[in-house]
Every structure is written in C-alpha cells, then in structure tokens.
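Have a look at the structure below, then the notes.
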Amino acid sequence: MHQTAQQSLRQFAKANEIIDKHGPEPAHLINILQDIQEEYRYLPEEILFYVATAMDISPAKVFGVATFYEDFSLDPKGKYVIKVCDGTACHVKKSTEILDTLRRELALSEEKPTTNDMLFTVEVVSCIGACGLAPAIVINDKVYARVTPGLTVDLLNRIREDEASR
C-alpha cells in the first residue's frame, strides 16, 4: 500500500501542526506522541522518524518513549479498541469468557488483535481500575460493567449497526 507524495506531505503536515502546537522541546515529546496516536490511532514509524528530525532528538529516544509506555502502539488499531480487563477481580468473574466471545465474534486471536476492516482491536489489559464492576471492558474510553458474553455480542452488534448507518 504505497502512498502518493501528496498523502505523505499531508501526513507530515499534520505531524508539524502537532509539534507546533506543543513546541519542539524534548519535554513535550510524550504530549506530541499522544496527539499523533490520537490522529492516526497508532504511531507510524515514518512519523516517529520525522518527529525525531523535526525536534532535533535521536530516533532512539523517540522510539524508546514510544515503546516504553503501554498506551502507545506501533501497530495500527481499529476504530474501536476493546480492552478486556484480566485483573484478579475480572478474571475470577470470568473475563476470559468475554475475551473468547470477542475473539470468536470478530475472528481474532492473540496473534491477530485487529479486524481486517480496521473497525475493532481487542486487547487484554492487567487492570482498568474498575474492580467493583467486574467483569469489565472498555470500548475506546467508555467502561462497561458486569459484562456477559451476551452483552458483549449486543455491544458489537450496536457498533456495527451504528457504523452501517453512517
């Protein structure tokens, strides 16, 4: 999937806007990477090299920050990122059944976390800090409490219907 020169320029123009918004100081790197990830849903390698050059810092430092923090991703993610909590409380309340349901419904696996249409990404996380709501999942930034396999399928169907009506 090769980009045209114009697509590449637009991509770098957006990165420039983000760098200009925060300022090119190394202390702003995390904020810049957060905004870039919000824009692209991940941190594209070519953008990370560009950020390093534009900020006059080493690519190793940029990649080091990008790989150190768990919230950053170097792999493309779907429009809807579903985080399945597997902390102790959720695990005891059978969060693995929720994960199995999601993977079965979306034809995903541990090795293939994102659907081909880039609509869904399923991730397992250690804790979402909602132990009293176990088992819980997060879809983008919204927490769903006391989730069952049936509710999980309903949520997926609602998202699919919303997307189809757009």
Odd one out for Ala107 among (1) under 25 Å from Lys142 (Cβ atoms); (2) of a type in the set (A, V, I, L, M); (3) surrounded by 14 or more Cβ atoms within 10 Å (Cβ to Cβ): (3)
Single residue of Glu46, Glu39, Glu110 found to be within 30 Å of Phe12 (Cβ to Cβ), out of contact with any Ser or Thr (no Cβ under 9 Å at 6 or more places or on another chain) and not small (Gly, Ala, Ser): Glu39
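Search region 13-34 for residues being within 21 Å of Met118 (Cβ to Cβ) and modelled with pLDDT of 95 or more, and hand back the single one that is farthest from the chain's Cα centre (by Cα). Can you show your working first?
Pass one, region 13-34, residues within 21 Å of Met118 (Cβ to Cβ): 14-15, 33-34.
Cutting the leftovers down to modelled with pLDDT of 95 or more gives us 33-34.
On the way: Leu33: 13, Gln34: 11 Å.
Restricting to residues being within 21 Å of Met118 (Cβ to Cβ) and modelled with pLDDT of 95 or more, the top hit is Leu33.
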From Lys112, Lys77, residue being charged (D, E, K, R), within 13 Å of the chain's Cα centre (by Cα) and either in the same structural domain as Gln37 (by TED's automatic domain parsing) or not in a strand (DSSP E or B) (or both): Lys77
Complete set of residues in region 118-166 that are assigned to a helix (DSSP H, G or I), of a type outside the set (A, V, I, L, M) and surrounded by fewer than 13 Cβ atoms within 10 Å (Cβ to Cβ): Gly132, Gly150, Asp154, Asn157, Arg158, Glu161, Asp162, Glu163
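May I ask you to verify whether Tyr69 is surrounded by fewer than 17 Cβ atoms within 10 Å (Cβ to Cβ), within 16 Å of Arg10 (Cα to Cα) and at pLDDT below 95? Write out each step before concluding.
Details: surrounded by fewer than 17 Cβ atoms within 10 Å (Cβ to Cβ): yes; within 16 Å of Arg10 (Cα to Cα): no; at pLDDT below 95: yes.
So Tyr69 fails the test.
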Subset of region 92-107 (residues that are farther than 17 Å from Glu163 by Cβ and in contact with a strand residue (DSSP E or B) (Cβ under 8 Å, 6 or more places away or on another chain)): Ser95, Ile98, Leu99, Arg103
Neighbours by Cβ (under 7 Å, 6+ apart or cross-chain): first from region 65-86, within 20 Å of Ala136 (Cα to Cα); second surrounded by fewer than 19 Cβ atoms within 10 Å (Cβ to Cβ) and hydroxyl-bearing (Ser, Thr, Tyr): Gly78/Thr115; Asp86/Ser126
Cβ-Cβ under 7 Å pairs, at least 6 apart or on other chains, region 136-152 side within 10 Å of Thr101 (Cα to Cα), far side surrounded by 12 or more Cβ atoms within 10 Å (Cβ to Cβ): Pro149/Glu97; Pro149/Ile98; Pro149/Thr101; Thr152/Ile98; Thr152/Thr101; Thr152/Leu102
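The values are calculated or read from the model by the stated rules, or taken from the named source; none is laboratory data. Because the structure is predicted, anything quoted here is derived from the model rather than measured. Virtual Cβ from ideal backbone geometry, glycine too; neighbours counted across all protein chains shown.
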